[in-house]
Amino acid sequence: MADRPAHGFLLVLGTPSPTDEEEFNAWYDAEHLAERMAVKGFLSGQRYVAIEGYPKYLAHYDTETPEVLDSPEYMKVSGANFSPWTVRVTTSTKVDRSAGRQIWPGEAVLPRAPRLRLVRFDLAGQREETLIARVQEISGDPAAGTRAAMVLEQPDPLRHYVLFAASFLEPEYLFLPRFGDLAGAVVQHNTYADYMLR
C-alpha cells in the first residue's frame, strides 16, 4: 500500500488549561484554523470537542499530499514562524500532533458530521489490511451511524488512527467489538461533537 497515491493529514489533539480555554478557542476561531487553510495544499480543516475521552479538543486537516507539511508555504506559519498569539496559546496547552498519510480510502476528505469517533491502534506486522477490511465493514453498516471513515498512518513513531464521521455514536461496548481480534490493539478511543454545533 506504500506506493498508492494518498492524501496527507494533520491531526492535533489538545487540552488547554481551564483558565486559558476561552483564549484557546478564540485563537483557533480567529487565527489558527484560517491560517492553516490558507496554505496551498490544505483541503479541509475541522474542529471537534470531546464528548468522552481526552484530550478535549481535536482538529483534523486533510492535505493533498503528506509533503504539504514540508512545503515553504507551511513553514511560513509553523515552528519558528509561529505568530506571537500561537506561541502564547500553545505554551499553555498540552498538544499531541500526528501527521502522515491516509491509507484508506486514500484520497477522501473528511466530511462535516455532528459526531466524530477517533480510534487509535497499536498494530504490529502486516495488520493494516485487516484493519482496513474491518473499517470497510463497519462503515457499511447503518447501525454504526457512520457517514464516512478513513484510516490514517503516521510513520514515525508508527501510529494508526481511524476516524469515523457519524450521524450518531453507537455505544462503545457495541462498537469496539466490531473490530474483532483487533479490538485488543486499541490504545485510544474518543468521541467528539462538531465544535460549531456544540
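The values are calculated or read from the model by the stated rules, or taken from the named source; none is laboratory data. All of these numbers come straight from a predicted model, not from anything done at the bench. Note that each Cβ is placed from the backbone with ideal geometry, even for glycine, and that neighbours are counted across all protein chains shown.
In region 137-162, the residues that are closer than 21 Å to Ser98 by Cβ and of a type in the set (D, E, K, R) reach residues that are surrounded by 11 or more Cβ atoms within 10 Å (Cβ to Cβ) and at pLDDT 95 or above with C-beta atoms within less than 7 angstrom, at least six apart or across chains, in these pairs: Glu153/Gly100; Glu153/Arg101; Glu153/Ile103; Glu153/His160; Arg159/Ser98; Arg159/Arg120. Summed over region 177-198, residues that are in contact with a helix residue (DSSP H, G or I) (Cβ under 7 Å, 6 or more places away or on another chain) and hydroxyl-bearing (Ser, Thr, Tyr) total 0. Just one of the numbered conditions (1) acidic (Asp, Glu); (2) over 20 Å from the mean Cα position of the chain (by Cα); (3) at pLDDT below 95 is not true of Glu128: (2). I want to confirm something. Restricting to region 184-198 and keeping residues that are of a type in the set (A, V, I, L, M) and out of contact with any His (no Cβ under 9 Å at 6 or more places or on another chain), which single residue is nearest to Leu116 (Cα to Cα)? So the residue we want is Ala193. Kindly establish whether Leu58 is modelled with pLDDT of 95 or more and not small (Gly, Ala, Ser). Here the answer is yes, as Leu58 does meet what is asked.
Residues in region 65-72: is at least one farther than 30 Å from Ser139 by Cα, touching a helix residue (DSSP H, G or I) at 6+ places or on another chain (Cβ under 9 Å) and among the hydroxyl-bearing types (Ser, Thr, Tyr)? No, region 65-72 contains no residue that is farther than 30 Å from Ser139 by Cα, touching a helix residue (DSSP H, G or I) at 6+ places or on another chain (Cβ under 9 Å) and among the hydroxyl-bearing types (Ser, Thr, Tyr).
Selection of region 94-137 for residues being β-branched (Val, Ile, Thr), surrounded by fewer than 19 Cβ atoms within 10 Å (Cβ to Cβ) and closer than 23 Å to Tyr54 by Cβ yields only Val95.
Only residues that are over 18 Å from Pro155 (Cα atoms) and in a strand (DSSP E or B) were counted in region 95-117, giving 4. Among the residues of region 119-165, those identified as of a type in the set (Val, Ile, Thr) and either within 18 Å of His7 (Cβ to Cβ) or in a strand (DSSP E or B) (or both) are Val119, Ile132, Val135, Thr146, Val151, Val162. Would you confirm whether any residue within region 36-51 is closer than 15 Å to Gln154 by Cα and over 18 Å from the mean Cα position of the chain (by Cα)? Looking through region 36-51, none of the residues is closer than 15 Å to Gln154 by Cα and over 18 Å from the mean Cα position of the chain (by Cα).
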